[in-house]
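The values are calculated or read from the model by the stated rules, or taken from the named source; none is laboratory data. Small disclaimer: the values here were computed from a predicted structure and weren't measured. Note: ideal-geometry Cβ built from the backbone for every residue, glycine included; neighbour counts use all protein chains shown. Quick note on the areas: whole protein, heavy atoms, side chains included, nothing else; ligands and nucleic acids left out. Shrake-Rupley method; radii C 1.70, N 1.55, O 1.52, S 1.80 Å.
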Amino acid sequence: MNAPHKKGIKPISQASNVISIRPLLLLTVVMIGAFLVIYLKKYDELVTEDANGNPALVPDRRAEIEKRKYKNSNEAEQYVLRAIAPGFVECYLCPDGKVWLEANEIAKIGVSTNGQDRYSAEYYRKHGLYYVMEYRGDLATAKNKEIERLGTYPLLPENQKREQRLIYPPLNSKLD
């Protein structure tokens with residue numbers, strides 16, 4: 001026996017409550033297939049077999065690895081980004097998200113293996129900054145110099161004169 005229904009409201013059939021599994025299953029299979037094709041293609045671009053049939057990197061991949069290892073172990077710069085002119089700059093740890101810098105004050109301390117090309121010319125223009133290399137040499141020394149500069153930033157006269165002193169330059173958020 002059917003329960004009485006309110007006027008104008010039709011009962012919902014049980015069949016309409018069941019979501020069809022077939023479209024979801026098909027979508028899942030297609031997505032897994034696409035992932036495998038993309039993954040295997042990338043894998044096949046990087047891995048081949050050596051003379052003994054063992055997996056080996058293709059020469060271009062091996063060369064890329066060696067180039068990056070050489071670059072990181074032999075040449076890096078510790079740098080600062082300084083304000084070109086007085087004005088507000090973004091500040092990662094400031095409550096207002098910005099801080100006033102005078103010309104030549106430090107906005108960021110960092111390490112780059114690409115020198116000034118670490119940032120685009122557009123980035124420098126947009127943020128009103130310029131790049132100053134303070135050290136060039138091996139990466140480990142550059143990182144240590146960066147940590148020293150970041151750690152002692154609170155003591156700099158440019159920071160001491162601020163009403164709200166910073167623990168790091170505006171575009172840094174941690175010690176390294």
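See the values below:
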{"item": "Subset of segment 109-138 [open to solvent by 50 Å² or more (accessible area, probe 1.4 Å) and either among the charged types (D, E, K, R) or more than 26 Å from Val99 (Cβ to Cβ) (or both)]", "result": "Asn114, Asp117, Arg118, Glu122, Arg125, Lys126, Glu134, Arg136, Asp138"}
{"item": "Flag for Arg62 being at pLDDT 95 or above, in a helix (DSSP H, G or I), more than 25 Å from Ile167 (Cα to Cα) and out of contact with any Gly (no Cβ under 9 Å at 6 or more places or on another chain)", "result": "no"}
{"item": "Failed item, numbered, when Tyr131 is tested on (1) part of a helix (DSSP H, G or I); (2) of a type outside the set (Lys, Arg); (3) within 22 Å of Ile84 (Cβ to Cβ)", "result": "(1)"}
{"item": "Number of positions in segment 78-119 that are over 16 Å from Arg149 (Cβ atoms) and either acidic (Asp, Glu) or in a loop (DSSP other than H, G, I, E, B) (or both)", "result": "17"}
{"item": "Pairs where the first residue, in segment 49-70, is without any contact (Cβ under 8 Å) to a residue 60 or more places away in the chain and the second is part of a loop (DSSP other than H, G, I, E, B) and surrounded by fewer than 11 Cβ atoms within 10 Å (Cβ to Cβ), C-beta under 7 Å, 6+ apart", "result": "Ala56/Asp50"}
